[in-house]
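Report on the following structure.
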Amino acid sequence: MLIMKKTTIFSILAVAVISLTSFTASAQKLVSSTTHFKFFSSTPAEDIQANNYKAVGTIETTTGDLVFSVPMQSFEFEKALMQEHFNSKKFLDTKTNPKAKLVGKITDLSKVDFINDGSYTVDLTGNLTINGVTNAINEKATIKVADGKVSLMSKLNVTLNDYQIAFKKGKPSKNIAKTVEVTVHANY
């Protein structure tokens with residue numbers, strides 16, 4: 001009788017653990033520590049490009065919530081002077097505002113199948129904070145699922161004045177576009 005009670009209790013615990021594990025697997029947060037942010041500006045004077053591979057991001061597959069955190073001093077430019085201008089108090093003041101952040105949501109998450117291979121174009125809404133200023137965004141993103149791996153790609157056009165970013169005078173004010181392209185590519 002004691003053995004039967006122990007077996008019954010063990011069976012109930014096993015079912016509870018399996019059920020809890022199944023629930024946890026369906027509520028999955030994907031994490032990307034290899035997120036690439038690319039900044040591109042084009043003017044008649046010159047093109048400026050910078051890459052940042054130190055950003056991190058998450059997607060909650062059941063709610064569509066996503067977050068990206070971007071360390072601003074990790075953008076690498078072709079020319080050291082460009083990097084110096086980018087980080088300076090006159091432009092982004094990255095010592096005072098060390099991170100940019102995108103907090104958003106995939107609004108049409110039902111389009112995405114995170115289990116089967118495919119490419120899904122989705123709508124992304126949220127808030128982008130750069131230079132201590134937050135603005136609403138509404139962009140398209142592409143989510144790809146291949147061999148059990150998930151990736152996200154999106155392009156945002158960022159108007160620098162909307163984030164109180166501008167060189168007032170001098171050569172840098174003529175060499176950077178008023179609106180820059182920011183590309184996000186995250187592998188989860």
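The values are calculated or read from the model by the stated rules, or taken from the named source; none is laboratory data. Owing to the predicted nature of the structure, the values given are computational and were not obtained by experimental measurement. Glycine gets a Cβ as well: all are built from the backbone with ideal geometry, and neighbour counts include every protein chain shown.
Taken over the stretch 63-93, the residue count meeting the criterion of being in a loop (DSSP other than H, G, I, E, B) and without any contact (Cβ under 8 Å) to a residue 40 or more places away in the chain is 6. If I filter the stretch 50-101 down to residues being at pLDDT below 95, of a type in the set (A, V, I, L, M, F, W, C) and surrounded by fewer than 16 Cβ atoms within 10 Å (Cβ to Cβ), which single residue comes out as farthest from ASP113 (Cα to Cα)? Ranking the candidates gives LEU81 first.
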